[in-house]
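Participant: Quick one: the structure is below, and I'll ask about it shortly.
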Amino acid sequence: MTLPVFGLPAVEEAATTPLVLDTVRDALIAHAEGRTSVPPPLHMAFPEADGDCHVKAGRVAGAPDFTVKIATGFYRNPARGLPANHGLVCVISARTGRIRALLDDHGLLTALRTAAAGALVTHALARPGAATLAVFGTGEQARLQALWLAGLRPLDTVLVHGRDARRAAALCDELRARGLPARPAPADQAATADIVITTTPATAPVLDAARVREGAQVTGIGTDMPHKNELPPDLFRRAALIATDDHDQCLDHGDFGHAVRAGTAAPDADTAAGLLLASPVDRPEGAITVADLTGVGALDAALASAVLGRLMP
């Protein structure tokens, strides 16, 4: 029997926004409640090419499938006319161990899973009236975070900060074309927004903790390997609530772990993000809240299985 392989167009058509949001929300809650199986990720770094690769596996308890995913980020690719991110997902039967299909999605499901998790957790933690968003980064994930969050709450301003002024301007043009009032901003100004989302492969903090305003929500999604670091440790000292998508991962190679090792956060200071999605968040109006999202294999498994269910009903 020939192994089914589904390419990017088929996966893109099946992965509708409602499907992605519902699946990721349910998987985050299942993970927080201990109803998943997620081994530690495998990481590889390619400093000579400014690239990295991670392999993640996972399963939600009772699901018919589990997955193994390869995802790469090679950050000089845009200068070559290539996307920075790539990858594929292998969907395997949890009943027979047979490979059911390959989703040759070029990293799309990873991007959508990340966007959905970021938007869901950010929306849950941010003040109800928070309407000014700043994104640090100018790539695909910066665009997706702005668009997906805007689908969950009204945004009256989107500030974009990036090292490359041309790319920041181009992203603002694209967001404005999609109906969002976006404009480039320096780092100090962007750090003062109601909501801050960092989406970079940085190896040193990209914002100044002292500039973050009282009542702000800050979400970091770029630190998914030990050598990366987006959020400054001092920010965690100021936080009244710290959310992590996976305690062990974030402690090992997330911004939360950097803060713990710096002595600005206790090792048990975090709350599972999925628990914050399962019930309303009680946050003081002036509190700073922080989310550290490193990407969980169980979310990949749930989304790939849901997409495959539409491709092979």
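Participant: Give me the distance in nm between label points sitting 7 Å out from Cα along the Cα-to-Cβ direction at Arg183 and Asp208, one decimal.
Facilitator: Going by the 7 Å Cα→Cβ label model, 2.1 nm.
Participant: What's the magnitude of the charge dipole for the chain around its Cα centre, counting Lys and Arg as +1 and Asp and Glu as -1 at the beta-carbon? Answer in Debye, nearest 20. The partial results should precede the final answer.
Facilitator: Numbers: 28 positive and 34 negative charges, 95 e Å.
About 460 debye.
Participant: Between Glu285 and Leu102, what FRET efficiency comes out of the Förster formula 1/(1 + (r/R0)^6) with R0 = 45 Å and r the beta carbon distance, rounded to 0.05? Don't skip to the answer; put the middle values down first.
Facilitator: On the way: r = 48 Å, r/R0 = 1.08.
E(calc), rounded to 0.05, equals 0.40.
Participant: Something else: Dipole size in debye (nearest 20) for segment 119-295 around its Cα centre, Lys and Arg Cβ +1, Asp and Glu Cβ -1? Show your work: numbers first, answer last.
Facilitator: On the way: 16 positive and 22 negative charges, 131 e Å.
Taking the Cα centre of segment 119-295 as origin, the dipole is about 620 debye.
Participant: Using only alpha carbon pairs under 8 Å that are at least six residues apart, calculate the relative contact order of segment 119-295 and give it in whole percent.
Facilitator: On the way: 408 pairs, mean separation 41.1, N = 177.
Rounded, it is 23 percent for segment 119-295.
Participant: Scanning the chain for helices, which whole DSSP H stretches are 20 Å or more long along the axis (Cα) and average 1.0 or more by Kyte-Doolittle?
Facilitator: On the way: long enough: 17-32 (22 Å, 0.75); 108-125 (26 Å, 1.32); 297-311 (21 Å, 1.25).
Correct list, ordered by number: 108-125, 297-311.
Participant: Moving on. Using alpha-carbon pairs under 8 Å, 6+ residues apart, how would you state the relative contact order of the chain in percent?
Facilitator: About 21 percent, as a whole number.
Participant: Charges on Cβ only, +1 for Lys and Arg, -1 for Asp and Glu, centred on the Cα centroid of segment 14-62; of Cys53, Gly34, Thr23, which one is farthest towards the dipole's positive end?
Facilitator: My answer, from the dipole projection, is Gly34.
Participant: So which trypsin sites (Lys or Arg not before Pro) in segment 96-177 end up in coil per DSSP with only 11 or fewer other C-beta atoms within 10 Å?
Facilitator: Values: sites: Arg98, Arg100, Arg113, Arg143, Arg163, Arg166, Arg167, Arg176; in loops: Arg98, Arg163.
Passing both the DSSP loop test and the Cβ count: Arg98.
Participant: Rounded to the nearest 0.05, what FRET efficiency do Glu13 and His43 give with R0 = 45 Å and r taken as the Cβ-Cβ distance? Could you check? Display every interim value, and only then the final one.
Facilitator: Details: r = 32 Å, r/R0 = 0.70.
That pair, Glu13 with His43, gives E of 0.90.
Participant: Looking at the chain, send over the antiparallel percent of its DSSP beta bridges, to the nearest 5. Intermediate results must be reported in sequence, preceding the final value.
Facilitator: Numbers: 28 of 59 bridges.
DSSP beta bridges in the chain are roughly 45 percent antiparallel.
Participant: Which residues in segment 183-213 have a backbone N closer than 18 Å to a point placed 7 Å from the Cα of Asp234 along the Cα-to-Cβ line?
Facilitator: Under cut-off, by backbone N: 187-193, 204-213.
Bear in mind these aren't lab numbers, they're just calculated from the coordinates by the rules spelled out. Since this is a predicted model, take the numbers as computed values, not measurements. Here the Cβ is made from the backbone with ideal geometry for all residues, glycine too, and neighbour counts use every protein chain on show.
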